[in-house]
1. Using a 7 Å offset from the Cα along the Cα-to-Cβ direction at both T45 and M19, what is the distance between the two label points in nm, to one decimal?
2. Can you classify the range 380-439 as rounded, prolate or oblate using the Cα gyration tensor, where a ≥ b ≥ c are the square roots of its eigenvalues, rounded means a/c under 1.5, and otherwise it's prolate if a/b beats b/c and oblate if not?
3. Among 679-689, 471-481, 565-575, how do they line up by average Cβ neighbours within 10 Å per residue, starting with the highest?
4. Which order do peptides 390-399, 297-306, 497-506 fall in by mean Cβ count within 10 Å, highest first?
5. By how many nm would the segment from L38 to N415 lengthen if fully extended, with 0.36 nm per residue of separation less the alpha-carbon distance?
6. Taking a label point 7 Å from the Cα of N504 along the Cα→Cβ vector, which residues of the range 529-556 have an amide N closer than 15 Å to it?
7. At 7 Å along Cα-to-Cβ for each site, give me the label-to-label distance between T28 and D237 in nm.
Amino acid sequence: MLWTNAQPTSFTLGSGNSMNYVYGEFRTVHNGQAAPSLPDTETITLNALGPVVGFGVPNGILDSTTGNPVQIQYIDSSATRPIVFAAASLTGESVTLNISACTTASGCPSSPNVKSGYPTGIFSPSANDFVYNWYPPDTASYHTTSYLSVEAVDAAGNTATNHVPGGGNTALLTFFTPPTSSNDLSTLLTCNIPGTSPMLGTNPGPCYILDNAGGTDTDIPTDQVWPASKDCPGGSDPNAQYAFQGYSDPSMRRDSLPGDNTWLNVWGTNLYMIYSYSRLWTTTQSTTEACSITPAVETHLAGSNTSTGYLAGANWTAWCGTANCPIDSVATPIWPTEPYCGGNPSVTSINGQPCSAACSNPNIQWPPPPNYETLETCFSSHEVPDIWPVLNYPSTGDETWFAAHLMYWVPQGGNIEETALADGCLVVSVASTPTLLGWSGGSSSPPPGTPGQGPAECPATGAQVGPTSNNAALNFADLTTAAQAATLGLTCSSWGSPAIIVFNGTLYLAANCLYLVPLTSKPEIVTNKGYYIFQAALPTGSSAPTAGQLSLALVNASSPVYGPYTPSSLPGWPNLPFTPTPPGAPGGAQPVNSITELKFALAADGQTIIAVVTPEYSPDQVPGDSVMSLQYGCMATTFSLTSTSGFGNFLAFVTDMATIADSGPDNGSSEMEGPNGCAYEPTSNTGMAIVRHTLGPYSTNTNIAQNQFFYIVPTGVFP
């Protein structure tokens, strides 16, 4: 048989994108005689709906009540940018995505300024989103604004284009080129504060508190800030008000597990944020002790639910572990602060909560020596948490979350100071979801949030902490012993501000060595000796390691330790833009002498590690230096986990400091101690999120340790 008039394998249907009639027949030729078959008629209906496409990141910092940008984003033009978007055909076809960037708001595909050379990706219907490496235009520089466009094409030739932001009427991105040193960005502010002028951009929006109320509230929904308190009956000043409220020490991570139906993450595109939640304990029940107000910290969890149409980082909902959680109430803590009552029988409950145990640590003393007395009541505190997810571990389709945080106990009537922190430990946690990391995340009896689940003191390294095996202790003494392999004779009173990352099958834990200088009077002096990095290889197999196994492995004598990482490791040292603070600082100069609040992130290439760290001044007893600490904002650099120098190329520096009173919900307060750390998740529209730490406005309360407010502010800066 010979085919003499074979038709092409593809051709254009006459009726286009609707119902088409297609006719066909067989025709055979034998000895010159044709024998046709009867005609056959087929109908083909092409997809008339077309594909859909939408951006997740970057999309500006939006007012979630209006959808309008309230702040443009500053994008590092020297690095690859992660772009998160969703595209799908409504009939289940694969779609082709074309990414363009241009300098006009009218729509990139029709613009003469379309940048060519962007790759095309084919996405299957099961792909809900994709993190894409986007290389900004070569001409990007200060004040260069660009727009993005994604065109989706389905198999029928239908197209859909999404311009960022909606309609493309507003500038999205302002590029900056990182300078060779940090000095050139010393004045970079991320949003307008009265009395300040940002270096980049012509008119950034107002500082935008991270919530879903358009910047008018200071609440993360379902997690109201702890209310301010009047002095308790019998207190020293009946007119004084006490406040220790808000959110700080955030750690943002993207959940990359598709189909994970736990809590918010239906589509595998959502963000989780774990953070410190500040609150006060009021002790009034005792008839033999003076009443007292005691600050403590617990750890909460929130999510940005992109599966319901919100953009990543634009809307946050705090996790609530019970079925009847009310709206706009205090959320369920992952690691709750709990009361521990001593031998005084009259102290049976605090804030209406029963004491389930005595404070076990005899070193909890207040006031400091030599006039101390051993107290009978204390409150657990959990702060500076960090989390890191690992996809397809221990097996394909699994996800394992790792965490570390600081646990300690605050004496009744005391403050959160190094004398209290020195009696704590770090806690290492492992779970299959972020909600299961702590001891409030389970569904078993007692209900989540029930007091008495945590320990009254730190157990030995590797021992279980709390009611489940998800958590294990990592003692300060064992960390110090392990770190002495890197620094002979190192002494540390405590270890703080832990940061974790899993890279190439190894878990790395960075922690700060702090030493309490022995003094007989206030103020106490804490020497920050820098960060050290401990590591533990993740075992292969069908199950993830336990928290106890990890904590022991981190301080194993055969495990390498790197450090110290100090301000001298930062790019631009010693000529940092904020060294020293000009005269007029509280009590004298405030030079950078330490670093804190370290967090890691992974760039779009999957290999470049970014470190975000806060340079700070801690009182150092140097004549002429201040007696008050000061944090200077957040610096982002590249980072090498196994290098003694650690910090690499300078990427960005952000600050949000107001040295004068500003017009916020805490009107009359100031940021005289500087911000309080940063978080960075490259796939969140927040960019680097910085914590605004304000003091006041309760002028009747002279105890600044009990007159503090914390807010998380998105900056829109992408290192």
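We did not get these values from a lab; they are worked out from the coordinates using the rules stated. Small disclaimer: the values here were computed from a predicted structure and weren't measured. Glycine gets a Cβ as well: all are built from the backbone with ideal geometry, and neighbour counts include every protein chain shown.
1. Label-label distance for T45 and M19, simple model: 0.7 nm.
2. Note, shape of the range 380-439 comes out prolate.
3. 679-689, 471-481, 565-575
4. 297-306, 497-506, 390-399
5. Working: separation 377, 0.36 × 377 = 135.72 nm, distance 9.32 nm.
Using 0.36 nm per residue and subtracting the Cα-Cα distance, I get 126.4 nm.
6. Under 15 Å, as judged by backbone N against the label point of N504, lie 535-538 of the range 529-556.
7. In this crude spin-label approximation the distance works out to 10.5 nm.
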